[in-house]
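Written out below as structure tokens is the structure these notes cover.
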Amino acid sequence: SQQGEEDPQALSIQEGENATMNCSYKTSINNLQWYRQNSGRGLVHLILIRSNEREKHSGRLRVTLDTSKKSSSLLITASRAADTASYFCATSRNTGNQFYFGTGTSLTVIP
Amino acid sequence: DAGVIQSPRHEVTEMGQEVTLRCKPISGHNSLFWYRQTMMRGLELLIYFNNNVPIDDSGMPEDRFSAKMPNASFSTLKIQPSEPRDSAVYFCASTLDRGLATNEKLFFGSGTQLSVL
């Protein structure tokens, strides 16, 4: 399987705290993307980082990528109750446009 | 744009029955993906179409599953006969593939919750 693995599986924090979740993958990639899924809904794209990038920011999101360790992290700063959702990383290889998703981190932000 | 549209939202059927899930991708997108989501296995890529042609169906679990894309605005995923272990949420996603493995972001539908009794 080409799927990645997110860590931790579940995370519960207080509103205002930062949330960090990690993703490890198995093969060489073209890029890595993070998605969010609210309960009962489809996934929504958050941010994309290419294999030649090490860090990327978008609003309260910060993504890092370490291709030597085959890992990425997603940091959500100053979390809000509305950030409660599951977060998935998705990888795509250098050949083809298939996207493979990890197992997800369930984030709960307590007001 | 209405986004990716899937139907039905919920499907309850009995074992052995045929199930057809439908997807309308975003207009102008040329790549379409079917995923299955379960607690045990997470999100699994079932099949991927590019310009209406199946490119990779290695994720299709077995011969009971088939997918078609007769034109750029419609795709179906069929399960015949259905089994209880097929119960899952099935997602359709689309994107614009500009070639050169650009790996653009996916746009997901709301999914079909399938329950096979």
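Measuring nothing but alpha carbons in segment A:1-60 and taking Rh as the Kirkwood radius, the Rg to Rh ratio lands at 0.97. In the frame of its principal axes, segment B:44-83 has Cα extents of 30, 17, 14 Å, reported largest first. Put simply, chain B fits an ellipsoid with semi-axes of 24, 14, 13 Å; these come from the alpha carbon gyration tensor as the roots of five times its eigenvalues, largest first. The longest stretch of chain A left intact once loop-based trypsin sites (Lys or Arg not before Pro) with at most 16 other Cβ atoms within 10 Å are removed from consideration, loops following DSSP, is A:81-111. Geometric descriptor of segment B:68-117, per residue, is 107 Å³ (volume of the convex hull of the Cα atoms).
Of the two radii for the protein assembly as shown, the radius of gyration is 0.97 times the Kirkwood radius, both from the alpha carbons; that is the Rg over Rh value. The per residue volume of the convex hull around the alpha-carbon atoms of segment A:34-81 is 89 Å³. Suppose we look only past 22 Å in the calculated P(r) of chain A. What percent of the Cα-Cα pairs does that tail hold? Percentage above 22 Å: 26. Lys and Arg at +1, Asp and Glu at -1: add these up for the other residues within a Cβ distance under 15 Å of residue B:36 and post the number. My count for the surroundings of residue B:36 gives -3.
Over every pair of different alpha-carbon atoms in segment A:57-111, take the mean of 1/r and invert it; report that Kirkwood radius in Å.
13.0 Å
FYI, it's all coordinate maths here, none of it is from the lab. These numbers come from a predicted model, not from an experiment. With ideal geometry, Cβ positions are generated from the backbone for all residues, glycine too; neighbour counts draw on all protein chains shown.
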